[in-house]
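The structure appears right after this line, and notes come after that.
Since every read-out is calculated from the coordinates, none of them should be taken as a lab result. If you're wondering where the values come from, they're calculated on a predicted model, not measured in any experiment. Cβ coordinates were reconstructed from backbone atoms using ideal geometry, including for glycine residues, and neighbour counts include every protein chain displayed.
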Amino acid sequence: MTATLAIVNGRLADPSGTQLAAGIILIEGDRIAATGDVAVPEGAQMIDAQGLIVAPGLVDLGVFATDKPAFHFGGITRAALMPDQSSPLDDVGLIRQATRAGKPDFWVHPIAAATRGLKGAELAEIGMMQAAGAKAVGTGRQWIADSGVMARVLSYASGLGLTVITHAEDGGLAGKAVATSGETATRLGLPHAPACAEAMAIARDIMLARETGAAIHFRLVTTRAGFDLIRAAKAEGLKVTCGISPAYLFLNDQAVTDFRTFARLSPPLRDEDDRKACLEAVRDGTVDVITSGHDPRGPEDKRLPFADAAPGMAGAETLLALSLNLVRDGLVGMNRLMALLSANPARILGVNAGSFAPGSAADLIFIDPDTPWIVDSGRMAAQAGNTPFDRVPVQGRARRIMKGGAFL
């Protein structure tokens with residue numbers, strides 16, 4: 001029989017709790033058996049957390065690449081893989097292959113392409129891909145412009161109990177823009193689009209979600225106007241959630257000065273007013289998920305003129321450390337942060353993980369929140385070090401990682 005594990009002397013960051021608390025975690029097999037003020041069974045194997053914070057492993061909702069070294073460094077135990085791959089995830093075989101991509105080191109939950117080839121026209125075989133392991137449906141990097149197609153995607157996904165993960169940017173307005181309209185884009189002469197392209201896309205998709213009764217998750221919301229729409233939809237009782245990545249919380253559009261392609265993101269970085277609105281949306285509970293948006297890009301994609309460079313950043317290694325700034329700044333408590341990084345994304349994906357509830361997957365991380373280190377794009381564990389936070393000092397990292405009741 002598998003011995004019971006007892007994690008002792010840790011500070012537990014339970015996403016369903018209000019504050020860090022001393023307690024014990026009992027693990028049987030690959031599942032959590034009990035948490036809190038519980039008796040340790042005779043013969044249990046004791047694991048001393050040595051005062052570290054014990055939290056659920058991070059569930060990264062929307063990565064563009066599986067990246068073992070980066071995930072392990074950042075404390076990510078589960079990753080929802082975006083459908084934007086060299087062969088879009090619009091086929092049963094590709095979904096099955098993706099679900100095996102992380103074994104035995106981490107869990108991969110594929111997001112099925114909503115349309116064939118992610119072209120926004122013909123619906124993919126969503127039901128068959130769900131049976132093969134897909135945990136959500138995604139529009140990929142693009143917004144589906146055809147409202148009829150998007151309505152069918154939402155309706156079909158709703159019938160299957162799947163959340164639709166969408167890119168919130170009106171493609172007709174954004175066009176080939178690489179920056180947000182404003183002083184910085186004008187000064188640099190970059191193709192730009194107004195920030196309202198985001199709110200326009202969100203408004204349309206909320207209307208369709210209301211009509212179809214579907215659950216919809218806006219992967220990245222980055223503007224004040226966008227968050228106002230999300231708040232209203234939630235107040236109405238619609239099944240609407242949204243996410244953000246640390247780049248939009250801690251950087252504004254001035255980060256692209258000197259044509260820094262590491263800061264070329266999609267959606268593009270916003271002005272300071274919108275950045276502050278992002279922080280407020282985290283504080284007041286509008287934001288449900290913080291994601292890394294991990295998208296490692298090598299020199300062939302980034303050492304180009306800014307308008308020609310590929311968007312994206314390597315975010316897995318810095319996700320936890322940057323997010324801990326929100327705790328230090330008093331915007332959220334540690335437990336709420338773990339809801340944003342673990343419990344909420346797991347719930348959206350429909351996987352029994354990201355929490356301390358009995359029966360939840362025993363995927364845990366031991367966090368030292370005060371360890372100082374400096375982000376170094378040249379020494380990152382990721383496949384590529386394209387981070388706009390290069391040379392930024394940060395604090396906090398995962399010291400140990402457990403997946404399915406076993407340390408990695």
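Stretching Arg303 away from Glu236 to a fully extended chain increases their span by 19.5 nm, per 0.36 nm per residue minus the current alpha-carbon distance. Other residues lying with their Cβ under 14 Å from the Cβ of Ala343 contribute a combined charge of -1, Lys and Arg counting +1, Asp and Glu -1. The length gained on full extension between Met207 and Met128, counted as 0.36 nm times the residue separation minus their Cα-Cα distance, comes to 25.7 nm. Counting every C-alpha pair in the chain, the share spaced more than 30 angstrom apart comes to 38%. Projected label points at Ala39 and Ala101, each 7 Å from Cα along the beta carbon direction, are separated by 4.7 nanometres. Put simply, the amide H of Leu52, placed in the peptide plane, has neighbours under 5 Å in Arg11, leaving out anything fewer than 5 places away on its chain. For region 151-220 versus region 254-268, the spacing of their alpha-carbon centroids is 20 Å.
Most tightly packed first, judged by the mean number of other beta-carbon atoms within 10 Å of their residues, the peptides 76-86, 54-64 read 54-64, 76-86.
Label zone of Asn9 (point 7 Å out along Cα→Cβ, amide N under 12 Å): in region 27-66 this covers 46-52.
Report note on the peptides 20-31, 297-308: ranked by the mean count of other C-beta atoms within 10 Å, highest first, their order is 20-31, 297-308.
For the cross-link pairs Lys135/Lys234; Lys119/Lys302; Lys176/Lys276; Lys119/Lys276; Lys68/Lys234, the ones whose C-alpha atoms lie over 32 Å apart are Lys119/Lys276; Lys68/Lys234.
For region 227-318, averaging the sequence separation of C-alpha pairs within contact (under 8 Å, six or more residues apart) and dividing by the residue count gives a relative contact order of 33 percent. Counting only the backbone N, which residues of region 156-196 are under 12 Å from the spot 7 Å out from the Cα of Asp273 toward its beta-carbon? Flagged as within label range: 182-183, 195-196. Going by a ≥ b ≥ c, the root eigenvalues of the Cα gyration tensor, does region 70-208 fall in the rounded group (a/c under 1.5), the prolate group (a/b larger than b/c) or the oblate group? Oblate. Taking each residue as 0.36 nm, the span from Leu173 to Val392 lengthens on full extension beyond its C-alpha to C-alpha distance by 75.5 nm. Considering only C-alpha atoms, what is the centroid distance from region 13-49 to region 355-408, in Å? Measuring centre to centre over Cα atoms gives 21 Å.
Highest mean first, what order results for 94-100, 341-347 on Cβ atoms within 10 Å?
Result, highest mean Cβ count within 10 Å first: 341-347, 94-100.
About the centre of its Cα atoms, region 1-79 shows a dipole size close to 180 debye [charges on the beta carbon of Lys, Arg (+1) and Asp, Glu (-1) only; nearest 20 debye].
Summed over qualifying helices (DSSP H, 4 residues or more, each -39500 (n - 2.57)) and divided by its residue number, the chain shows a 222 nm mean residue ellipticity of -8000 deg cm²/dmol.
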